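No value in this document is a laboratory result; all are computed from the given coordinates. Predicted model only: the values in this text are computed from it and were never measured. Glycine also receives a Cβ, built like all others from the backbone with ideal geometry; neighbour counts cover every protein chain displayed.
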Amino acid sequence: MAKTTVKGGDLAAYRRAVGALTAGRLLPVYCFAGPEALLRREGIAALRRVSGVSEVNYAVREDETGLEEALYLVRTPSFGGVRLVVYAAEKLKAAEKKALIVYAANPVTGSHLVLSLATAEAEPA
């Protein structure tokens, strides 16, 4: 699986990552992390445009609902086309890391999970 990593504050790397999205190279899991909410929203918007996801197959889940609900939704068959699920949280909780690793090892074809995290640091295990 291809991987694009953007370290905090590296705007050029961020633009390359968004460029890969707009070129149509879609991955099953994305993580937009860092204090710049505008850049996270911009990355998600680019993914929505490129994927062509319909409103019925697009969902956003907040920190309060937990990653498990987002994973449930991303595993649910879409209503035709692709499914895009965004999990927006302050940071990834220690208990959520294992579930994310399990999903990333066997993602659902045609579904895309986006983590939108205010910090790249996860809680300690």
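Which FRET efficiency value, to the nearest 0.05, is calculated for Phe79 and Ile101 with the Förster distance at 25 angstrom and r the Cβ-Cβ distance?
It comes to 0.35.
Where in the chain is the longest stretch that carries no GluC sites (Glu not before Pro) classed as loop by DSSP and with at most 12 other Cβ atoms within 10 Å?
So the longest stretch without any such site is 1-63.
Fewest Cβ neighbours within 10 Å first, please rank Leu21, Leu113, Leu11 accordingly.
Leu11, Leu21, Leu113
R0 = 30 Å: FRET efficiency of Arg25 with Glu68, Cβ-based, nearest 0.05?
Efficiency at R0 = 30 Å is approximately 0.60.
With n ≥ 4 as the cut-off for DSSP H runs, can you work out [θ] at 222 nm for the chain, using -39500 (n - 2.57) per run divided by the number of residues, rounded to the nearest 500?
For the chain, the value works out to -12000 deg cm²/dmol.
Subtracting the Cα-Cα distance from 0.36 nm times the residue separation, let me have the gained length for Ala37 to Val56 in nm, one decimal.
This chain segment gains 4.4 nm when fully extended.
Give, in whole angstrom and from largest to smallest, the semi-axes √(5λ) of the equivalent ellipsoid of the chain, with λ running over the eigenvalues of the Cα gyration tensor.
Here the semi-axes work out to 20, 19, 13 Å.
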